[in-house]
Amino acid sequence: PVPSETDTEAMARAALRALNAQGVTSFLDAAASSASIAAFSHLAKQRAMTARGHFAPVIDTQEAQQPQVVVARLKALFAKYNQIGTDSVPGIVVRNAKIFMDGVLQAPAQTAGLLEPYLEDRGQAAHPRFAPGSKRGDVYFPPELLTPLLDALARSGIEPHIHAIGDRSVRQALDAIEAMRKSVPNPDLRVAMAHEELVDVQDLPRFAALNVIPVMSFQWAKPGPDSIDAARDYLGAARFAHMEPEGSLNAAHARIAYGSDWPVDRLNEWFALKVGVTRTGDPELGIKYQGQLNQDAVLPRATALRAITMNAAYALHMDSEVGSLETGKLADLIVLDRNPMKVPAEEIAQVRVLLTLLGGKVVYQASSF
């Protein structure tokens with residue numbers, strides 16, 4: 001059954017408890033439903049928010065055919081729900097809009113848009129033989145739809161958060177962003193692109209040049225059923241060598257932010273940070289999934305940490321308030337049971353949060369602290 005308002009508010013409270021236990025003090029719901037925004041708005045009015053909430057309503061392809069209608073709907077949502085908070089009593093912010101360019105790389109779906117076809121197995125079970133097939137995946141927002149949409153959003157100060165996984169979807173999104181930057185030269189418009197599991201080498205420097213923030217789910221950059229079984233052979237050796245290109249994007253000077261993709265993935269930020277600096281997975285998965293994912297570079301620890309702090313704060317226009325420990329910023333602080341900058345890299349996954357403060361107010365305390 002459809003959740004009631006009471007159900008949705010209970011889920012919002014549960015989400016806040018889970019976030020605070022992980023040490024999260026600010027978040028973006030990157031595909032926010034109206035019901036979810038309303039539930040968090042109600043909590044904000046009750047002074048019950050224990051994290052600073054940001055929300056991105058989804059734009060579908062049908063309504064995108066009328067960009068001004070989209071803008072009007074979003075501006076009405078912003079006017080209805082944006083609430084100014086205080087240091088320790090946060091409101092909520094609705095400034096972003098979510099655009100899904102494509103689906104996923106993994107077989108059998110293979111709905112992420114690729115420049116070259118997926119490979120298909122033309123052999124037998126005992127002797128597989130992968131060769132180019134006919135599928136190149138989907139791009140849900142073609143250029144003639146995406147370019148005027150981004151232009152209209154930019155002119156209204158609405159910041160897009162674009163899901164793009166395949167290299168063709170990434171390129172077409174970058175092309176539309178480049179056109180938007182030329183038509184609306186607003187340097188403070190912060191555009192984010194989530195996931196980028198495949199990026200053509202020619203497009204890597206465009207992220208920094210266009211000030212596009214790649215929001216990477218570090219936990220995907222590991223050997224596992226999703227990468228080894230459902231993607232590797234279907235991409236081929238050359239493409240798989242740089243699947244999950246965090247290292248390549250970092251080398252190209254992109255401003256990487258971290259995105260959990262929760263609740264699609266488990267909420268486990270510390271495991272994700274471990275994967276970011278090792279590209280290794282869960283040792284309990286067995287020998288088949290041991291070692292590093294591929295040839296793409298690991299991230300330095302400081303880079304991974306910055307992705308989930310200052311760079312994420314920048315993406316949300318909060319870098320002057322949170323994201324680093326500086327005089328004059330809000331006291332959004334966490335206390336950990338070990339130093340993730342000094343412990344063995346694999347041990348980062350075992351980091352536990354002992355205390356979480358929001359604006360100097362305790363919102364989570366471990367029983368052992």
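Miscellaneous remarks
- Solvent-accessible area assigned to carbon and sulfur over the stretch 188-325 amounts to 55 percent, based on a 1.4 Å probe.
- Taking Lys and Arg as +1 and Asp and Glu as -1, the other residues whose beta-carbon sits under 15 Å from that of THR86 total +2.
- Packing, taken as the mean count of other beta carbons within 10 Å per residue, orders the peptides 231-237, 157-163, 363-369, 133-139 from highest to lowest as 157-163, 231-237, 133-139, 363-369.
- Within the listed set PRO225, PRO344, PRO148, the residue fluctuating most in the Gaussian network model of the chain (springs between alpha-carbon atoms under 10 angstrom) is PRO344.
- The chain, accessible area per residue, ligands and nucleic acids excluded (1.4 Å, Å²): 45 Å²
- Cα gyration tensor shape of the stretch 227-354, rounded if a/c is under 1.5, else prolate or oblate by comparing a/b with b/c: prolate
- Most mobile listed residue (LEU189, LEU285, LEU273) in the chain, GNM with C-alpha springs under 10 Å: LEU285
- Whether the chain is rounded, prolate or oblate, judged on the alpha carbon gyration tensor where a/c under 1.5 counts as rounded: oblate
- At least 15 Å along the helix axis (C-alpha) and Kyte average at least -1.0, DSSP helices within the chain: 5-22, 34-45, 67-81, 143-155, 167-183
- Peptide packing: for 103-116, 206-219, the average count of neighbouring Cβ atoms within 10 Å per residue gives the ranking 206-219, 103-116, highest mean first.
- Take 332-339, 25-32 and order them by the average number of nearby Cβ atoms within 10 Å per residue, most first; the result is 25-32, 332-339.
- Lysines with Cα under 27 Å of LYS329, excluding same-chain neighbours fewer than 8 positions away: LYS45, LYS342, LYS361
- Between THR303, MET318, ALA345, the Cα set farthest toward the positive side of the dipole of the stretch 274-345 (charges on each charged residue's Cβ, about the Cα centre) is that of ALA345.
- Karplus-derived 3J(HN,Hα), 6.51/-1.76/1.60, for each residue of the stretch 333-347, Hz, glycine and proline x: 10, 10, 10, 10, 7, 7, 8, x, 7, 10, 6, x, 4, 5, 7
- Surface composition of the stretch 62-115: carbon plus sulfur atoms hold 58% of the accessible area, using a 1.4 angstrom probe and ignoring ligands, DNA and RNA.
- Here the stretch 32-75 and the stretch 137-173 have alpha carbon centers that stand 19 Å from each other.
The values are calculated or read from the model by the stated rules, or taken from the named source; none is laboratory data. From a predicted model like this one, the values you see are computed outputs, not experimental measurements. Neighbour counts run over all protein chains shown; Cβ positions are idealised from the backbone, glycine included. Ligands, DNA and RNA are stripped out before the accessible areas are found, and what is left, the full protein with its side chains, is counted by its heavy atoms. Shrake-Rupley method; radii C 1.70, N 1.55, O 1.52, S 1.80 Å.
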